[in-house]
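Below you'll find the structure, written out as structure tokens, and then a few comments.
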Amino acid sequence: MTPRLTDAPVAASGATPTGRFRGFFGESAVWSSADGGVWWVDMHGHALVLTAADGTTHYWKTPGPHLPWARAVVLRERGGLIVALSDGLAAFDPAAGTFTTMPLDLTLPPGHLFNDATVDSHGRLIIGTMLPGRGNDARAAIYGIDADLSVRVLVDGLNTTNGLAFSPDGRTLYFSDSFADVRKVWAAPYDPATGTMGAARLFVDFANLPGKPDGATIDSEGGYWSAAMASPYLHRFMPDGRLDRSLELPVDTPTRPAFGGSNLRTLYLTTAGLKNGETDDGIKGGLLAMPAPFAGLMPTPTRI
């Protein structure tokens with residue numbers, strides 16, 4: 001599908017800031033019912049953030065002498081979180097406020113960083129990579145990581161991996177390449193029992209849509225919600241790739257949506273911060289919340 005913005009209704013999102021933390025580049029929102037809030041990262045600020053439903057916010061700096069970027073965060077089955085750092089993984093214990101690096105047998109190509117992440121229905125970590133600021137090198141990939149930290153390549157030949165999300169039955173993996181010259185989303189058959197992926201099909205081409213397909217989430221009816229970075233829109237696509245609706249946002253830097261709150265009927269959205277020369281709007285770089293027209297799905301914790 002190559003939809004246009006005019007193919008479906010555009011409505012005001014009703015999005016408002018929640019919490020007082022504003023970072024350089026918010027990303028990777030995930031709801032935790034146990035913690036009563038949204039975990040997310042400030043990538044360029046080297047921080048892991050928890051914003052409670054009432055707006056109370058706590059944050060922790062990532063570990064190490066060089067303060068690696070926190071790139072993505074997922075819930076962990078045994079408690080706490082798994083945080084993707086620049087080129088490795090760490091387990092985070094919220095009670096102690098400590099990060100423990102994990103021995104991952106994976107060497108990324110020079111300059112590449114972890115980027116987006118999700119979890120399959122069997123608890124595997126699905127994580128993608130990117131090469132920041134160096135153009136199209138088509139060496140980024142998506143990896144599946146099992147509980148024993150064994151790694152397999154699911155797909156390669158990408159530039160800026162984003163948009164990772166599973167259909168409600170766990171048998172379709174969606175992913176995007178948000179590089180400016182690509183701007184496409186694919187859907188691939190996925191076997192959760194084995195952690196293997198089939199041949200991907202083009203799901204949505206953003207050629208006629210504003211922005212780039214950044215982070216994404218799935219609602220309980222199978223709608224794929226894509227944050228259109230560099231535009232003020234959050235799009236919902238149907239499983240056949242048809243544009244169902246677009247929500248207009250108060251910012252043009254949406255990065256990743258996540259369902260949360262009571263009955264999973266609140267949409268949270270991370271945003272990137274101000275660009276050079278921009279006037280502070282009091283919103284960018286923070287977390288937004290808005291009423292959701294559909295209920296979401298509870299995030300699956302990883303077994304790592």
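The values are calculated or read from the model by the stated rules, or taken from the named source; none is laboratory data. All values reported here derive from a predicted model rather than from experimental measurement. Neighbour counts run over all protein chains shown; Cβ positions are idealised from the backbone, glycine included.
The rows are residues; the columns are (1) at negative phi; (2) crowded, with 16+ Cβ neighbours inside 10 Å; (3) assigned to a loop (DSSP other than H, G, I, E, B).
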| residue | (1), (2), (3) |
| --- | --- |
| PRO3 | yes, yes, yes |
| GLY14 | no, no, yes |
| GLY26 | yes, yes, no |
| LEU50 | yes, yes, no |
| VAL74 | yes, yes, no |
| GLY79 | no, no, yes |
| ALA90 | yes, yes, no |
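Which residue out of PRO299, PRO257, PRO250 is over 22 Å from LEU173 (Cβ atoms) and either assigned to a loop (DSSP other than H, G, I, E, B) or touching a Gly at 6+ places or on another chain (Cβ under 9 Å) (or both)?
PRO250
Within the group THR107, THR101, which residue is free of Cβ contacts under 8 Å to residues at least 24 places away in the same chain, of a type in the set (S, T, N, Q) and surrounded by fewer than 23 Cβ atoms within 10 Å (Cβ to Cβ)?
On inspection, the qualifying residue turns out to be THR107.
Please specify each residue of segment 124-145 satisfying the condition of being touching a residue at least 40 places away in the same chain (Cβ under 8 Å), surrounded by 17 or more Cβ atoms within 10 Å (Cβ to Cβ) and not in a strand (DSSP E or B).
Correct list: ARG124 only.
Among the numbered criteria (1) under 18 Å from the mean Cα position of the chain (by Cα); (2) at positive phi; (3) assigned to a strand (DSSP E or B), which single criterion is violated by GLY170?
Here GLY170 clears every test but (3).
Scan segment 106-123 for residues that are under 12 Å from the mean Cα position of the chain (by Cα) and either more than 10 Å from ALA72 (Cβ to Cβ) or in a loop (DSSP other than H, G, I, E, B) (or both) and jot them down.
VAL119
Would you check which residues across segment 57-78 are modelled with pLDDT of 90 or more and in contact with a Gly (Cβ under 8 Å, 6 or more places away or on another chain) and list them?
THR57, TRP60, GLU77
Scan ASP214, ASP191, ASP177 and give me the residue that is within 23 Å of MET298 (Cβ to Cβ), modelled with pLDDT of 95 or more, among the charged types (D, E, K, R) and buried (at least 21 other Cβ atoms within 10 Å of the Cβ).
ASP214
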